[in-house]
Every structure is written in structure tokens, then in C-alpha cells.
Amino acid sequence: MSQNSLFRPVKVQLLPESIIIQWDDGLISSYDHRYLRLNCRCAVCVGEWPSRREIDESTVPEDVYALEYTTVGQYALQFLWSDVHYTGIYTYELLRKLSTRT
Ligand SMILES: [Zn+2]
């Protein structure tokens, strides 16, 4: 896939109740903090096995939230979570898939 075909965030807000991403096509996505945390696809969370896609929810605090975020290259966001987990990279493609339209 061409990188030019990907939508990109123009604004990311970490609010107490949710994470808001405004995209360059005008879509505004809202994510529950823990929901996004539970969708981490990193090797620590889902292991190296491609077949295992589910994270063990009991390992993630109920009140987990994103403390900070950084952009990764031109294709992803990385969040620093309050449970000191920061290896997860959320591609823009994944974030669009997880998005709840507001
Ligand atoms: Zn992870």
C-alpha cells in the first residue's frame, strides 16, 4: 500500500475521558483509553504468535490511560500508558479501524 493512501492525524488530544484524533480527511475519532490499550498489538501483549490476537485483559488496570504520545515515522502513533507500557505502536491504519465515529 502506498503511504500516500493513508489518512493521517492532524490533531491528537489526550482527554481525561477519551483520546481524540482528528484526521486529515475531517473524521474525528474517539477512543476509550483502556480500549486502545487493550488493542495493543506488540509482542509483549499478544506474543510472537500471529494466531494469538487477544490481550489478557486482567493484566491491564481498569483505570489505565495514556500519559503521552509520540509519532512514529509517517505511519503510526506510540502511546505511553499509565501502566508503564510503551512498546505498542498503533499504525494509522489500525487506529482508523478501531475508530468510533463521533
Ligand atoms: Zn503492548
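Per-structure values
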quantity: Meets criteria (free of Cβ contacts under 8 Å to residues at least 60 places away in the same chain and of a type in the set (Gly, Ala, Ser)) for Ser18; calculated: yes
quantity: Some residue of the range 66-76 being farther than 22 Å from Arg8 by Cβ and within 13 Å of the ligand (Cβ to nearest atom); calculated: no
quantity: Per-region count, the range 3-26, residues surrounded by 14 or more Cβ atoms within 10 Å (Cβ to Cβ), farther than 19 Å from Val64 by Cα and among the aliphatic types (A, V, I, L, M); calculated: 1
quantity: Tally, over the range 53-102, of residues that are more than 14 Å from Trp23 (Cβ to Cβ), more than 12 Å from the chain's Cα centre (by Cα) and hydroxyl-bearing (Ser, Thr, Tyr); calculated: 3
quantity: Any hit, the range 65-74, residues being surrounded by 14 or more Cβ atoms within 10 Å (Cβ to Cβ) and closer than 24 Å to Phe7 by Cβ; calculated: yes
quantity: Where a residue in the range 75-89 is more than 25 Å from Asp24 (Cβ to Cβ) and its partner, wherever it lies, is part of a strand (DSSP E or B) and polar (S, T, N, Q), with Cβ under 8 Å and at least six apart; calculated: Tyr86/Gln78
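Only the coordinates and a few stated rules stand behind these numbers; no lab work does. All figures in this text were calculated on a predicted structure; none of them were measured in a lab. Because the Cβ atoms are built from the backbone with ideal geometry, glycine has one as well, and the counts that use them run over all protein chains shown.
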